1. Please give the number of the condition residue 210 fails out of (1) surrounded by fewer than 22 Cβ atoms within 10 Å (Cβ to Cβ); (2) modelled with pLDDT under 95; (3) closer than 30 Å to residue 105 by Cα; (4) touching a strand residue (DSSP E or B) at 6+ places or on another chain (Cβ under 9 Å).
2. Tell me yes or no: at least one residue of segment 162-181 is surrounded by fewer than 23 Cβ atoms within 10 Å (Cβ to Cβ), closer than 22 Å to residue 223 by Cβ and without any contact (Cβ under 8 Å) to a residue 24 or more places away in the chain.
3. Quickly run through segment 146-174 and pick out the residues that are more than 18 Å from residue 232 (Cα to Cα) and in a helix (DSSP H, G or I).
4. Quick check, is residue 58 in contact with a strand residue (DSSP E or B) (Cβ under 7 Å, 6 or more places away or on another chain) and more than 18 Å from residue 14 (Cα to Cα)?
5. For segment 83-96, state whether one or more residues are within 21 Å of the chain's Cα centre (by Cα) and in a helix (DSSP H, G or I).
6. Specify which of the listed residues (43, 52) is touching a strand residue (DSSP E or B) at 6+ places or on another chain (Cβ under 8 Å), farther than 22 Å from residue 131 by Cα and surrounded by fewer than 24 Cβ atoms within 10 Å (Cβ to Cβ).
7. Please go through segment 64-87 and pick out each residue that is in contact with a strand residue (DSSP E or B) (Cβ under 9 Å, 6 or more places away or on another chain), within 24 Å of residue 177 (Cα to Cα) and either buried (at least 21 other Cβ atoms within 10 Å of the Cβ) or in contact (Cβ under 8 Å) with a residue 40 or more places away in the chain (or both).
8. Regarding residue 122, is this residue closer than 14 Å to residue 176 by Cβ, modelled with pLDDT of 95 or more, within 19 Å of the chain's Cα centre (by Cα) and not in a helix (DSSP H, G or I)?
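The values are calculated or read from the model by the stated rules, or taken from the named source; none is laboratory data. Just so it is clear, the structure is predicted and the values come from calculations on it, not from any experiment. Cβ: placed from backbone, ideal geometry, glycine included. Neighbour counts: every protein chain shown.
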């Protein structure tokens with residue numbers, strides 16, 4: 001399948017890394033569905049990309065609202081008949097998160113509901129459409145903070161980033177990658193966890209070492225993997241990340 005006729009859905013893509021992923025996929029020739037819960041911001045994102053001649057459309061999608069997830073799958077099925085690329089980008093942090101001694105349980109619950117359970121719900125809803133693709137690509141936007149090895153390594157630059165809810169949500173997301181890759185092992189469909197790096201976005205308080213454009217490049221590369229695609233990997237720009 002050529003890049004020019006791929007149908008892609010990027011969740012949480014009306015700003016930040018998600019917006020750049022959508023833009024770069026569209027520039028590669030894909031028809032991109034921009035999913036977001038803020039309809040005004042999503043419409044503005046679509047308008048900006050469409051004005052550049054890119055093939056994009058908006059879709060109301062809230063990972064915590066199953067009705068929007070079902071409606072999104074129905075709309076993609078009706079308009080496109082299949083889905084070739086799913087980039088699970090949407091995610092949250094919470095001000096009440098922190099190390100185990102102080103993290104608010106409700107904050108951990110909110111984060112897990114969005115970052116893991118919500119992503120699982122979207123993936124399950126889209127899977128019948130992805131299985132209609134010649135070779136579907138699923139990219140889960142993970143983080144080095146989701147690595148148990150990194151969390152346990154005192155020499156890691158991320159060792160002191162003790163955000164129990166967020167880190168646990170990305171570790172759970174990695175479990176989705178591993179288990180779904182196993183289920184899809186005898187098919188041409190692949191799924192990978194991709195850590196974009198420490199990117200300057202609203203989610204990081206605009207701290208970080210990379211721009212959203214730079215952070216989008218690796219997820220886009222994995223979304224466009226060819227026939228020799230790997231599956232069930234956890235990667236960052238420097239190579240594979242230990243689970």
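1. In the conditions (1) surrounded by fewer than 22 Cβ atoms within 10 Å (Cβ to Cβ); (2) modelled with pLDDT under 95; (3) closer than 30 Å to residue 105 by Cα; (4) touching a strand residue (DSSP E or B) at 6+ places or on another chain (Cβ under 9 Å), residue 210 misses (3) alone.
2. Within segment 162-181, one or more residues are surrounded by fewer than 23 Cβ atoms within 10 Å (Cβ to Cβ), closer than 22 Å to residue 223 by Cβ and without any contact (Cβ under 8 Å) to a residue 24 or more places away in the chain.
3. First, the residues of segment 146-174 that are more than 18 Å from residue 232 (Cα to Cα): 150-168.
Within segment 146-174, 150, 151, 164, 165, 166, 167, 168 qualify.
4. On the way: in contact with a strand residue (DSSP E or B) (Cβ under 7 Å, 6 or more places away or on another chain): yes; more than 18 Å from residue 14 (Cα to Cα): no.
Considered against the rule, which asks whether it is in contact with a strand residue (DSSP E or B) (Cβ under 7 Å, 6 or more places away or on another chain) and more than 18 Å from residue 14 (Cα to Cα), residue 58 comes out as no.
5. In the first step, residues of segment 83-96 are kept if they are within 21 Å of the chain's Cα centre (by Cα); the result is 83-94.
Going one step further and asking which of them are in a helix (DSSP H, G or I), we end up with none.
No: zero hits.
6. Working: 52 fails: touching a strand residue (DSSP E or B) at 6+ places or on another chain (Cβ under 8 Å).
Just a single option satisfies the conditions, and that option is 43.
7. Scanning segment 64-87 gives 72, 76, 82, 83, 84, 85, 86, 87.
8. Numbers: closer than 14 Å to residue 176 by Cβ: yes; modelled with pLDDT of 95 or more: yes; within 19 Å of the chain's Cα centre (by Cα): yes; not in a helix (DSSP H, G or I): no.
So residue 122 fails the test.
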